[in-house]
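Colleague: Take this structure, written in structure tokens, and hold onto it; I'll ask about it next.
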Amino acid sequence: MQCLVVEDDVAMGTLLADCLGDLGHDVTNAHSVEDALVCLKNTKFGLLILDYLLPDGTSLEVADYASITCPNVRTILLTGSNVFPNGEGGMMAPGVDWILRKPVPLADIEAVVDYATKDAERSPPVIPTDA
């Protein structure tokens, strides 16, 4: 599966990319909202792993854009902040499928990625219609 990791901490981004690569995925790294949007214009991704706070904004813009350009994408949001403390992520961030709080054990990320991959395989493709 084509995966986009958006993480401003280069070491963390590399760790996530290596983990996904070990699981058999093709990974692209981006370090800002702007970089991620450029990547999304050039590639159809099946999975996004997004750090919530980035140098040029929040990754919710990336999730929203991806939900339009890659309608079958599965999105995991990683955050060390107290954003969505009461589980309101589904209403406030409809483009995000899972929210994980940092620090996140790598095994937990691997489990969610495995679930997301299987979920994507089970779901019929969404074909955008022209309005």
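FYI, it's all coordinate maths here, none of it is from the lab. As the structure is a computational prediction, the values presented were derived from the model and not from experiment. Here the Cβ positions follow ideal geometry from the backbone for every residue, glycine too, while neighbour counts run over all protein chains shown.
Colleague: Quick check: net charge around Tyr115, other residues with Cβ under 13 Å of its Cβ, Lys/Arg +1 and Asp/Glu -1?
Modeller: My count for the surroundings of Tyr115 gives -3.
Colleague: Using a Förster distance of 30 angstrom, determine the FRET efficiency expected from the C-beta separation of Thr69 and Ala111, and round it to 0.05.
Modeller: The computed FRET efficiency comes out at 0.65.
Colleague: Quick check on the chain: helices-only [θ] at 222 nm, where DSSP H runs of length 4 and up contribute -39,500 (n - 2.57) each and the sum goes over total residues. Nearest 500, please.
Modeller: Result for the chain, helices only: -12500 deg cm²/dmol.
Colleague: Of all beta bridges DSSP finds with both residues in the chain, what is the antiparallel percent, to the nearest 5?
Modeller: Here the antiparallel bridges make up roughly 10 percent for the chain.
Colleague: Let me ask something additional. So for region 2-122, considering every pair of alpha-carbon atoms, how many percent are separated by more than 19 Å?
Modeller: 39
Colleague: I've got another one for you. Please give me, ordered by residue number, the trypsin sites (Lys or Arg not before Pro) of region 1-105 that lie in loop per DSSP and have at most 16 other Cβ atoms within 10 Å.
Modeller: Lys44
Colleague: Take every Cα-Cα pair in region 1-65 and report what % of them are more than 20 Å apart.
Modeller: When every Cα pair of region 1-65 is considered, 18 percent fall beyond 20 Å.
Colleague: Let me ask something else about it. Counting only C-alpha contacts under 8 Å and six or more residues apart, can you give the relative contact order of the chain as a whole percent?
Modeller: Averaging sequence separation for qualifying contacts and normalising by length gives 22 percent for the chain.
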